[in-house]
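S.K.: Just dropping this structure here.
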Amino acid sequence: MSKYTAEVNWSLDSNDNFAARTYSRAHSWKFDGGIEVPASASPQVVALPYSVEAAVDPEEAFIASLSSCHMLWFLHVASAKRWVVTEYSDQAEGLLSKDSDGHLAMTRVTLHPKIQFIGESPSAEDVEKLHHRAHKLCFIANSVKTDIQIEPRY
């Protein structure tokens, strides 16, 4: 069993009016390695100026976490098969909509990975198998009920 931590910090600015909900949603995420990331509610959820468009929002972080986990497992399974990946990029998308209970949820995440190989390259069928195996191994994908689609870009 492994334990992971993240520190989330927010404070009320003296110019904010908490009762009127006119306060900044800007906050920070600090991780165990020491990096601190500016975070905020999404401007699609909380209007500007009470959110920060340039900061990472929880929805983006969720999508990035799924994409990153999938990529790391894909690289692992490809290396085990001795296929050499030289580049991997993904343009992941998430869909926030009502779930079957009527709650807003990230109901679908679609990964659009594009992978470059050097030397002997796997067939399209082999790449599909690599994605399937990576998806099954991804801790984050195994932790959520979101429909996760993988649509490779060529």
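S.K.: Taking the condition outside the structural domain of Val37 (by TED's automatic domain parsing), loosely packed, with under 12 Cβ neighbours inside 10 Å and at pLDDT 95 or above, does Gly94 pass?
M.R.: Criteria not met by Gly94.
S.K.: Would you point out which residue out of Val37, Val56, Val84, Val77 is of a type in the set (Val, Ile, Thr), under 20 Å from Ala134 (Cβ atoms), modelled with pLDDT of 95 or more and surrounded by fewer than 17 Cβ atoms within 10 Å (Cβ to Cβ)?
M.R.: Numbers: Val37 fails: under 20 Å from Ala134 (Cβ atoms); Val56 fails: under 20 Å from Ala134 (Cβ atoms); Val77 fails: surrounded by fewer than 17 Cβ atoms within 10 Å (Cβ to Cβ).
The unique qualifying residue is Val84.
S.K.: Tell me, which residue of segment 133-154 that is among the hydrophobic types (A, V, I, L, M, F, W, C) and part of a loop (DSSP other than H, G, I, E, B) is surrounded by the most Cβ atoms within 10 Å (Cβ to Cβ)?
M.R.: Within segment 133-154, the first condition is being among the hydrophobic types (A, V, I, L, M, F, W, C), and the residues that meet it are 134, 137-141, 144, 148, 150.
Adding the requirement that they be part of a loop (DSSP other than H, G, I, E, B) leaves 138-140, 144.
Working: Cys138: 22, Phe139: 11, Ile140: 18, Val144: 15.
Ranking the candidates gives Cys138 first.
S.K.: Go over the candidates Glu59, Glu87, Glu53 one by one and state the one that is more than 23 Å from Lys136 (Cβ to Cβ) and touching a residue at least 40 places away in the same chain (Cβ under 8 Å).
M.R.: Residue meeting the stated conditions: Glu59.
S.K.: Any residue at all in segment 10-30 that is in contact with a His (Cβ under 6 Å, 6 or more places away or on another chain), surrounded by fewer than 16 Cβ atoms within 10 Å (Cβ to Cβ) and in contact (Cβ under 8 Å) with a residue 12 or more places away in the chain? Don't jump to the end; show me each part of the working.
M.R.: First, pick out the residues of segment 10-30 that are in contact with a His (Cβ under 6 Å, 6 or more places away or on another chain): 10.
Right, trim to surrounded by fewer than 16 Cβ atoms within 10 Å (Cβ to Cβ) and you get 10.
Those still in the list that are in contact (Cβ under 8 Å) with a residue 12 or more places away in the chain too: 10.
For segment 10-30, residues in contact with a His (Cβ under 6 Å, 6 or more places away or on another chain), surrounded by fewer than 16 Cβ atoms within 10 Å (Cβ to Cβ) and in contact (Cβ under 8 Å) with a residue 12 or more places away in the chain: present.
S.K.: Another question about this same structure. Looking for something farther than 26 Å from Tyr4 by Cα, part of a loop (DSSP other than H, G, I, E, B) and hydrophobic (A, V, I, L, M, F, W, C) - is there at least one such residue anywhere in segment 118-131?
M.R.: The first filter runs over segment 118-131 and keeps only residues farther than 26 Å from Tyr4 by Cα, leaving 118-130.
Imposing the further condition that a residue be part of a loop (DSSP other than H, G, I, E, B) reduces the set to 119-123.
Still in the list and also hydrophobic (A, V, I, L, M, F, W, C): none.
Taking every residue of segment 118-131 in turn, none turns out to be farther than 26 Å from Tyr4 by Cα, part of a loop (DSSP other than H, G, I, E, B) and hydrophobic (A, V, I, L, M, F, W, C).
S.K.: Something else now. Return the pair list, or none, for Cβ contacts closer than 6 Å from residues in segment 137-149 that are under 7 Å from Cys69 (Cβ atoms) to residues that are of a type outside the set (S, T, N, Q) and in a strand (DSSP E or B), at least 6 apart or on different chains.
M.R.: Close Cβ pairs satisfying both conditions: Ala141/Ile148.
The values are calculated or read from the model by the stated rules, or taken from the named source; none is laboratory data. Only a predicted model underlies this, so the values are computations on that prediction, with no experimental measurement involved. Here Cβ is always computed from backbone atoms with ideal geometry, including for glycine, and neighbour counts include all displayed protein chains.
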